[in-house]
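Below: the structure, in structure tokens.
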Ligand SMILES: C[S@@+](CC[C@H](N)C(=O)[O-])C[C@H]1O[C@@H](n2cnc3c(N)ncnc32)[C@H](O)[C@@H]1O
């Protein structure tokens, strides 16, 4: 029996890179080197730009804006500024990001959507997991998509990742086994509607891994985060109506959920 199973396997099983917690803690999956090469910056220039990236991103924001303009801000205004800001954050908060990767490792499987995937840390780590069949990386920002694709090619993971601007494209799975949406819901103009989409498109036994930060920061450093009371209340009402929380012991700021059928 064992012999027959072995004979059925392809001669060479492509090996996946070990993008595990230790690898992330070591160098954030070679983030510094990759970002410098991608942006064609010297190592010194990258180090000069990383620390001011959050203020530079905030400075691009026009202040209070029509929620309908949020998409334009991420797709056009921020340019490659978000790459630097997200890289500075992932490098500077490596323990926290490593904790989110540990949690992802426990829930990720099958068809996985990473919505608002940014610089690709979670998408790449997910694609390197044998339990994950395919990663669907969605991000409005063309620079983020290009950088994630570029990284995936260098890490030998490009075959396992599909990259999309939005969720309207043909060919997206009808249902996902895993939905990852980390540090994104406070950026979208209607986070309740986003949850409805997630609930509709998650397998009944699938897992959504979510967090949010509906706060502009104690010093107003995140002017692009939505914090409107009615918007946040609608978000929590939808969360409680469409999802059941599944306890996990790994990280208290990120939650895992199963979908509940719409009432
Ligand atoms: C704070 S970053 C989080 C990135 C990543 N999930 C992480 O944890 O590092 C938010 C990301 O959401 C993307 N984004 C914002 N609005 C979006 C939308 N409506 N659809 C898809 N992506 C969006 C931005 O381009 C950005 O990459």
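Every read-out reported here was derived from the displayed coordinates using simple, explicitly stated rules and does not represent laboratory data. Computed from a predicted model, the values in this text were never measured in an experiment. All Cβ positions, glycine included, derive from the backbone under ideal geometry; neighbour counts span all protein chains shown.
Among 66, 227, 27, determine the one that fluctuates most according to a GNM of the chain built with springs between C-alpha atoms less than 10 Å apart.
Greatest mean-square fluctuation among the candidates belongs to 66.
Taking 0.36 nm per intervening residue step and subtracting the Cα-Cα distance, what contour gain separates residue 221 from residue 43 on full extension?
Full extension of this stretch gives 61.5 nm more.
To the nearest Å, what is the center-to-center distance of the range 44-104 and the range 224-253, using C-alpha atoms only?
One Cα centre to the other: 22 Å.
Just need the relative contact order of the range 42-164 here, percent rounded to a whole number, with Cα pairs under 8 Å and 6+ apart.
Details: 143 pairs, mean separation 27.3, N = 123.
The normalised contact order for the range 42-164 reaches 22 percent.
Given R₀ = 41 Å, what would the calculated FRET efficiency be for residue 95 paired with residue 174, taking r from the Cβ atoms and rounding to 0.05?
Values: r = 37 Å, r/R0 = 0.90.
FRET efficiency, residue 95 to residue 174: 0.65.
Summing -39500 (n - 2.57) over the DSSP H runs of n ≥ 4 in the chain and dividing by its residue number, what mean residue ellipticity at 222 nm do you reach, to the nearest 500 deg cm²/dmol?
After summing the helix terms and dividing by residue count, I get -12500 deg cm²/dmol.
Based on the Cβ-Cβ distance of residue 205 and residue 52, what FRET efficiency does E = 1/(1 + (r/R0)^6) give at R0 = 35 Å, to the nearest 0.05? Each step should come with its number before you reach the end.
Working: r = 45 Å, r/R0 = 1.28.
Given R0 = 35 Å and the Cβ-Cβ separation, E is 0.20.
Relative contact order, percent, of the range 193-263 when contacts are C-alpha pairs under 8 Å separated by at least 6 residues? Display every interim value, and only then the final one.
Values: 83 pairs, mean separation 29.2, N = 71.
Here the relative contact order equals 41 percent.
Rounded to the nearest 0.05, what FRET efficiency do residue 26 and residue 196 have when you use their Cβ-Cβ distance and R0 = 45 Å?
Details: r = 39 Å, r/R0 = 0.87.
Computed FRET efficiency for residue 26 and residue 196: 0.70.
Who wins for biggest fluctuation among 208, 158, 193 in a Gaussian network model of the chain, springs between alpha carbons below 10 Å?
Comparing 208, 158, 193 in the GNM, the peak value goes to 193.
Please give the contour-minus-distance gain from residue 59 to residue 165: 0.36 nm per residue of separation, less the Cα-Cα distance, rounded to one decimal in nm. Mind showing how you got there, number by number?
Details: separation 106, 0.36 × 106 = 38.16 nm, distance 2.45 nm.
Taking residue 59 through residue 165 to full extension adds about 35.7 nm, to one decimal.
Choose one answer from 247, 176, 218: the residue with the largest mean-square fluctuation in a GNM of the chain with alpha-carbon springs under 10 Å.
Maximum fluctuation in the GNM of the chain, among the listed residues, is at 218.
Mean separation of Cα pairs under 8 Å and 6+ residues apart, divided by the residue count of the chain: what relative contact order is that in percent?
On the way: 411 pairs, mean separation 44.8, N = 263.
Contact order relative to length: 17 percent.
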